[in-house]
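> Quick one: the structure is below, questions incoming.
Any read-out appearing in this document is the output of simple, stated calculations on the displayed coordinates, not a laboratory observation. Values in this document were obtained by computation on a predicted structure and should not be read as measured data. Note that each Cβ is placed from the backbone with ideal geometry, even for glycine, and that neighbours are counted across all protein chains shown.
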Amino acid sequence: GGGYFYPVPYVNMVQRCQTWHLPDPVDPEPIERGIGVYFTRLRVGGVDFAIIEDRKFKSGPEGKIPKMGPRPDHINDPSYDRKAVDLPSLKLLGERQLQFLSDWSEDWTGAETKVVLSQTAFCGAVHLHGSVNNRLLADLDSNAWPQTGRNKALMEIRKAWATHLCGDQHLAVVVKHGVSEASDGPYAFTSPAIVNTIYGRWWHPEDEQPGLNPVPESPLPWTGEYEDGLGNKIRMMAYANPANVKDETQRGDGFGIARFDKKHQQVTFECWPRFSKVEQGPSGQFPGWPITVDIRDNDGRKVTGYLPELVFPEGKRPVVQVIDDSSDEVLYTVRVQETRFRPPVYGAGPFSVRVGMDRPDRKKIEGLQPTEGKAELLIQF
């Protein structure tokens, strides 16, 4: 139904206990009834984390859509309409957090790369819930729903070429999100449960077939492009299904590590079983891991061209923002890694470029078009 079961003072006490170590909230105004908020940013070693509350502002399905399963957030009625459950009034992150992510994506103070931390996944990367005999068509408890809210969140994450890390799903997966097209969104790593005795989950397509564009040479049979039960596009990269929930060494529990290589702008996802041994080395990880991806590929939109190469003074690695002038949409804002950067674009343009040291606030160049030659622009500021 949405909301909190326990009294407001108790809710606020729990939040203080669980989030005392975080920086102050970026927008501290309480929500209704005086319940506090904690969404914020945390910068560690050049990695800028946006920490969001993807439960607090989310709509509850009960009373808003027809009940189509054993509980309001579970759908197992094969006649359900995916689009009909995505009502325009539904919220996921809410306007305040979307605005926070938009502002955060443009502020690169102390940041070399960006990451979003959330409670749960922005897709339904699970087929079997609780037991191998319980197949759900859609789980509204994940952030796969509402779909419009999910897509808004992913587009904000994509604007910063940010990686997404989360937990909660009882099943470790790495996916490449799709918003409008397959794989045009960011990478996301859902870590495994530390102890997975209560509620095992499995990735197990009903037709037991790989999707399009499967991961080359993966030891896992069901990788590639799929749609989840709500029609969201994902490319499954790896999953750690429990082999035997009755055997504590085969329950799929463990821990994840994300290693950020700022110099080469890569992130490596590692996924370790709970009882793995150091001497096993990388081979001791779950099959399909480790996975290394380019941070640039967190924006997976199809590149249609490149603007003239931007050349910066020696020693400067500024922030570059690219805007599609035809729609006034900010395509992305990123810190460049070299003194030369050729901005990729999506569409015919024209485009504007803004440049600054920590924010795109020092220089603006308008009316740029994609070029095929070696055109250069010397940027002085």
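> How far is helix 147-159 tilted, in degrees, relative to the longest principal axis of the Cα atoms in the chain, given as a value from 0 to 90 rounded to the nearest 10?
Approximately 40 degrees, to the nearest ten.
> Placing one identical point scatterer on every Cα of the stretch 68-123 and ignoring solvent, what is log10 I(q)/I(0) from the Debye formula at q = 0.14, 0.31 Å⁻¹?
Each listed q corresponds, in turn, to -0.63, -1.29.
> Find the relative contact order for the chain and round it to a whole percent, using C-alpha pairs within less than 8 Å whose residues are 6+ positions apart.
Working: 880 pairs, mean separation 46.2, N = 381.
That works out to 12 percent.
> Under 25 °C and 0.890 mPa s, how fast does the stretch 151-208 diffuse according to Stokes-Einstein, given a Kirkwood radius computed over C-alpha pairs? Answer in µm²/s, whole number.
Numbers: Rh = 12.8 Å.
For these conditions, the coefficient is 191 µm²/s.
> Please give the peptides 286-292, 212-218, 175-181 ranked by average Cβ packing (other Cβ atoms within 10 Å per residue), highest first, as a rough proxy for protection.
175-181, 286-292, 212-218
> Please grab the % of Cα pairs in the chain that end up more than 40 Å from each other. Each step should come with its number before you reach the end.
Values: 12171 of 72390 pairs.
Cα-Cα pairs of the chain separated by over 40 Å account for 17 percent.
> So what is the calculated 222 nm ellipticity per residue for the chain, using -39500 (n - 2.57) for each DSSP H run with n of 4 or more, over all residues, to the nearest 500 deg cm²/dmol? Could the numbers behind the result be given before it?
Details: 3 runs with 38 residues, N = 381.
When only DSSP H runs of four or more count, the value is -3000 deg cm²/dmol.
> Would you mind putting 143-153, 300-310 in packing order, based on average other-beta-carbon counts within 10 Å, highest first? Spell out each step's value before the answer.
Details: 143-153: 23.0, 300-310: 16.5.
In decreasing order of mean packing, 143-153, 300-310 become 143-153, 300-310.
> Apply the Debye scattering formula to the stretch 143-270, with a single equal point scatterer on each alpha-carbon and no solvent, then give log10 I(q)/I(0) at q = 0.15, 0.23 Å⁻¹.
The Cα Debye sum returns log10 ratios of -0.76, -1.50.
> Same structure again: Calculate, in nm to one decimal, what Arg342 and Phe5 gain on full extension: separation in residues at 0.36 nm each, minus their alpha carbon distance.
Details: separation 337, 0.36 × 337 = 121.32 nm, distance 5.21 nm.
Residue separation times 0.36 nm, minus the Cα-Cα distance, leaves 116.1 nm.
> Can you list the lysines whose alpha carbon is less than 17 Å from that of Lys302, not counting same-chain residues fewer than 8 positions off?
Filter leaves Lys159, Lys176, Lys233.
> So how much slack lies between Glu279 and Val44, counting 0.36 nm per residue of separation and subtracting their Cα-Cα distance, in nm?
Values: separation 235, 0.36 × 235 = 84.60 nm, distance 2.90 nm.
Taking Glu279 through Val44 to full extension adds about 81.7 nm, to one decimal.
> Could you give me the percent of Cα pairs per 10 Å distance bin for the stretch 13-108, shortest bin first, beginning at zero and ending with the bin that holds the maximum distance?
13, 36, 26, 20, 5
> Less than 20 Å from a label point 7 Å out along the Cα-to-Cβ axis of Glu95: which backbone N atoms in the stretch 24-62 qualify, by residue?
26-40, 53-60
> Which order, highest average first, do 110-122, 43-55, 247-259 follow once you tally other Cβ atoms within 10 Å for each residue and take the mean per peptide? Let's see the in-between values first.
Working: 110-122: 22.0, 43-55: 18.5, 247-259: 16.5.
In descending order of packing, they fall as 110-122, 43-55, 247-259.
> For the chain, take the longest principal axis of its alpha carbons; what is the angle in degrees between that and the long axis of helix 94-106, to the nearest 10 within 0 to 90?
Tilt of helix 94-106: around 40 degrees.
> Using the beta-carbon distance between Ile365 and Asn213 and R0 = 25 Å, what value does 1/(1 + (r/R0)^6) give for FRET efficiency, to the nearest 0.05?
On the way: r = 36 Å, r/R0 = 1.45.
After rounding to 0.05, the efficiency reads 0.10.
> Whole Å is fine, so just give me how far the alpha carbon centre of the stretch 231-298 lies from that of the stretch 1-62.
Distance between centres, Cα-based: 28 Å.
> Could you tell me the calculated FRET efficiency between Thr148 and Gln18, based on Cβ-Cβ distance and R0 = 45 angstrom, to the nearest 0.05? Write out the running numbers ahead of the final one.
On the way: r = 29 Å, r/R0 = 0.65.
FRET efficiency, Thr148 to Gln18: 0.95.
> With r as the distance between the Cβ atoms of Phe255 and Ser79 and R0 = 35 Å, compute the FRET efficiency 1/(1 + (r/R0)^6) and round to 0.05. It would help to have the intermediate numbers written out before the result.
Details: r = 40 Å, r/R0 = 1.15.
Rounded to the nearest 0.05, the efficiency is 0.30.
> Moving on. How big is the Cα convex hull of the stretch 187-338 in projection, averaged over all directions, in nm²?
Working: hull surface 52.7 nm².
Convex hull of Cα atoms, orientation-averaged projection: 13.2 nm².
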